[in-house]
Structures are given as C-alpha cells and as structure tokens.
1. Over segment 132-218, what percent of the accessible surface lies on carbon and sulfur atoms, probe 1.4 Å?
2. Sort TYR349, TYR194, TYR278 from largest to smallest accessible area, using a 1.4 Å probe on the heavy atoms of the protein chains.
3. Given points 7 Å out from each Cα along the Cα-Cβ axis, report the SER327 to LYS549 separation in nanometres with one decimal.
4. Can you compute the charge dipole magnitude of segment 392-480 about its Cα centre, using +1 on each Lys and Arg Cβ and -1 on each Asp and Glu Cβ, nothing else charged? Give it in debye, rounded to the nearest 20.
5. With labels modelled as points extended 7 Å from the Cα through the Cβ direction, what inter-label distance (nm, one decimal) is found for LYS190 paired with TRP341?
6. Under 18 Å from the 7 Å Cα→Cβ point of VAL156, by amide nitrogen: which residues of segment 214-246?
7. Of all accessible surface on segment 387-500 at a 1.4 Å probe, what whole percent is carbon and sulfur?
8. Please report Rg over Rh for segment 107-207, where both radii come from the alpha carbon positions and Rh follows the Kirkwood definition.
Amino acid sequence: MEMFDSSNFEDFEFTQADLREIALLETSIVQQDEQDSQSYLQSSNSNEEQLCIPKKRRRLIIRSDSESESDSIRNYVTSNITASDRVSKKWSRPRRQQPSIIPFTETSGMSKEISNILKDADPGAFYSLLVPDEIFDIIVEQTNLFALQSSESKNVKPSSRSHAWKPTDRHEIKRFFGLILYMGLVRLPKLNYYWSRDKILGQTFPSTIMSRNRFEIILQYLHFSNNETANKSDRIFKIRPIIDMVNITFQKYYSPKEDICVDESQVPFRGRIVFRQYNKSKRHKYGLKLFKLCTTPGYTCKLSLYSGKNIDTVNTTPTKVVMSLCSQILNKGHTLSTDNWYTSLELAYNLLEHQTHLIGTIRKNRTGLPKSVVEAKLQKGDFIAMENEDGITILKWKDKRDVIMLSTKHSDRMSTITKKGKQVTKPKMILDYNKSKGSVDLSDQMSSYSSPLRKTVKWYRKLGIEILLNIAIVNAWVMFTESRNTKMSIVEFRKSLVEYLTCSSDSQQNESVVTVSRPKRLKHELQTKSGKVRNTRRFCVQCYKDMVKQFGRKQAKNKTKKVNTFCGQCDGEPHLCLSCFNKVHRYV
C-alpha cells in the first residue's frame, strides 16, 4: 500500500491537523488489513469451520472531536454490524450444558379469583368474559349505521327490502348469533329451510326466535366498522375492531402455559379478495390466513390476519410475525414451538434476548447452519448434533425421513418412550416439540366440530363469525373444562350457548328460553254475504277502480259487475269478485 505523499496535492491547502488525521487513518487501515489476514490464517489452520471473510471492506467511521469515545464505538457497531453478524458460526460437539436455561415462574391458566367466581357458572358466563356486551354493542351500532347508509343510497330500488329495515338492539343481535350457532348444530342445505313447514326439513325452533325475513335482513346488513370514517389504507378495517377487542379479552382472562405455539390457520374463502391465500397443506386450500398464538390445550392467546405482502407491515417476515404475536408474553421463560417456515437462527437470538426459548423444525437452507449436520448421511435411528457457544443446538435425526431441529434449551440427550407396546428411543428435543406443536391444530380441530360457517360473498362476515362463534367458543370451552374440572364435549357446549344467546331479552335474561310470539298469518277467504242477493249485491271494488281508469265514472257503473262476495279479513269487508280476489291476494 502506497503511503501518503503531500507533493501530489500541491494545489490543495492542508493544515498540520489535517495531515495528522490522514496519517492516522492510513495507519489504522494498514493495521486492520494485517489483523484480517492473520485471523484468516489462524482459522484455516484450525479444525473448526472456516469463517467467511466479507468481500467488501467495511467503511471506517472517523470520530469527530465533538463525539465521545463511547459514542464512536456505538455508532461504529450500529452502522457496520448487521443482524446476521450475531449468528455464531463456531459450532462444536454438544457439551450438554446449556449456558442459560430460562426458568418459567409465571402462573398459567385462569386466575384464582376469576376461577372461584365462576366455579359453578354455566357456559354462557365463560363466553361472556371473552365476548362481552361491548362487542355486541359495536355490532349493533355499525349494523344500524350501515343499514341507514344503504337505504339512503341512490341505487336502492323502491321495491327493495331495505325500506322495511328497523333498528336492531343488543338482545336481538345475540338471538341472531344464537340462531347462526344453532344452524351449525343442525345443518340444512339452505337458510330458508329452517323456517319451512315441510314435514321432512321443517324446524320449529328458529321461528320461535326470529322470523325468516328479519333474520335475512340482519344478515344482509351485518357490519363491524364504519365505512366512512375508517382508515381505507388498512385492508382489513372492516374486521379490525373485532380482532382488537377479542385479542384484549383473550389475554386478559387466561395466561398461557409454559409451552406455546405459533402457526397459521386457514379460514375457507373462495371469493375475490386480494389477500386470499393458497396453502396446499390445509384442508381448505383457499382462504384467509390467520396467524395464531396458542397454548395447550388449544387456547388461542392472540391472532392476526394477513392482509398482503405489499400492505401488511407486521406480518411480512416470519421473525416479525412471531415477535408481534409474542409481544405481550416475552421475558417470562416461555418455550415457543414453530414449524420450519418460522424457525431460524435470527429468531432464536431475538427470543433469547427476551428470555424466551425456541424449539422447532428448521429448513436446511437457512443461513448459519453447520454443514456437517445439514449434509450428513444417516441411517434410520441415527442422529448428529452441533452446538454453538450460545447454547443453540442443531440436530439432525433420521426417522422415516431426515428431520432437522433447532433448540435453545435442549442438547442431544435421548429419551425412551413406549409406542404401540414397544420401547422407542428418540431425542428429547423432538419429544418436547411433539407435545406443544399441535396447539394451533387442536384449536382448528375443535372449531371444525359443528362449525356454523357457510358460503358467503362478504369476507368480513365470514371472518367475524369464525372469530366470535368458533375461536371464542373454543377458548371458553377450554376455560370451562379447566375451571369446572369436568368433561363436556364441544357440541354440548355449543348447545348450551345456543340457549344462552337465544334467551336474551330486555325483561328476562339468562333464566330461560324466551319464545318471541309471532302473529299468525291471516288466511284470506272469499265469503258470501248473508241475505237476499238483490239486497247484498254491490259493485266489485277492484273492477270499479279498473273501469274508472279505463272508461271514466259514467261508463264504469254500467260495465262493472255486481257481486255479493267479499273477503272477511280485509278492512271494511269490500266486495270482490273471484278474479279480483285472486289478483289482490296473489293466489294462483
């Protein structure tokens, strides 16, 4: 390297201080090059894996006179150290002594105070904790507002059903959701069959709660947010209030256990929406993606809806998804289980900084993994493991196929279990992962039993029913079974909630099922006026009106037929002939 020669810069004016700074800079660069070359020679002669020397030379930041030495060091680190530099590349055989095992000391489940209060409570009391009346009040307010906005629209036809809308209230909305929940228990092909009088398909229960027309019009205007004042840049603003409120109640009344799990769940939907996802591993391959944080046995602590790669700033990378979902439970010693889409060394270090363990399967193409483990050829039952100085273990085990695992709290210890009457030896890391990985899958499984979801055009309506009548019900069922220490099937639990929701009224609540009296439909029949015909015969009212419009009043009297028949149910008992009677009452 050529040294600095001041003769080459005769046209420039330099002070002695400037020359000293340039000389110091030149000397530091030379020393840095010598240190890099020596470290490379040492690493190539050692038995450890070779470190990758960066091709680009890092810029040296010169500290100004106004900065302190600590500020200079901090600025140098933040500007020159990337996130990948934290990943250790020094791997060795497992020492079976993890440097820091974080203890879990938090109380899990429901608090003793709430558990004592609800010791003898029915399922409706547990459900009302997670879905309080405030949520139903929001639905009532936004549904009434959306119905008003729709009726004032210019596109509404005069014969539209929206003109018959009457504002709803909290108790009617509860009965409405109770009917939807009932329709999950009793499945019929179409909604109008629930009010049919057919001897095979007809049901008697729905008509005692709400008329068919009222149910359909509430379903048409069901809404969760104000379209006019909402933030339109947020793609999921139509369901955002419900998600935010249930996340608060889910975390408020139930604390997760030590083992937690993050995974995605698919809400089936094939309509036209920009953030609809395709996942071939799910039962319903097309739908809306929900990221869920769950704990055993299937309780959902927090959920987040994916709204697209270009808009969603939180759910963009696996690390951001996990850190966002776990933001409220960090620094408590939890052990998080993830699948190979989320697991990485970067996530492991982020969680260790917040006193949280990570265990999960990992893809072999993740950066920083030891090649000796990833590329190892194993026979069935064999394993190989490497560990770095931070206690992170990468293990590869051959069962039916190769499985690569990462753990921040396990080594390569083996455990023996009994499977189908045989003694089987497996890594302790895999056994612990199998216990906690299925929390999200168990939540989805319990939600699928008697699910009230149906095909719909509105994505937010389907998602709202999924959250309020599937996820919330499964959470309430978990709380109920743990608090009461009893076994109740999820179907029986849903049946109890149908009774709880459909009995909601102003005067009588939570006591018994309130049957809403529905007026009987009037049956119009053509009757004959008693007495002599010459005294009871009159002009047919409908024929006379038609003749007046066509010929005028004078000719109408001569052309209109006279009858002594009338409809006894119509006001004023007007005289009608048979043809007009059929027209007025639309009988064929």
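1. Details: 2380 of 4700 Å².
Here carbon and sulfur together make up 51 percent of the probe-accessible area.
2. Values: TYR349 25, TYR194 0, TYR278 130 Å².
So the residues, ranked largest to smallest area, are TYR278, TYR349, TYR194.
3. Computed distance between label sites SER327 and LYS549 equals 6.5 nm.
4. Values: 18 positive and 7 negative charges, 61 e Å.
In debye, rounded to 20, segment 392-480 gives about 300.
5. Result: 3.8 nm between the two label points.
6. Under cut-off, by backbone N: 214-224, 226-228.
7. Numbers: 2410 of 5090 Å².
C and S fraction of accessible area: 47 percent.
8. Values: Rg = 19.2 Å, Rh = 17.2 Å.
With Rh from the inverse mean 1/r over Cα pairs, Rg/Rh is 1.11.
The values are calculated or read from the model by the stated rules, or taken from the named source; none is laboratory data. Please read these numbers as outputs of a predicted model, since none were measured by experiment. When we count neighbours, we look across all protein chains shown, and the Cβ atoms used for this are built from the backbone with ideal geometry, even at glycine. For the accessible areas, the whole protein counts, side chains as well, though only heavy atoms, and no ligand, DNA or RNA atoms are used. Shrake-Rupley method; radii C 1.70, N 1.55, O 1.52, S 1.80 Å.
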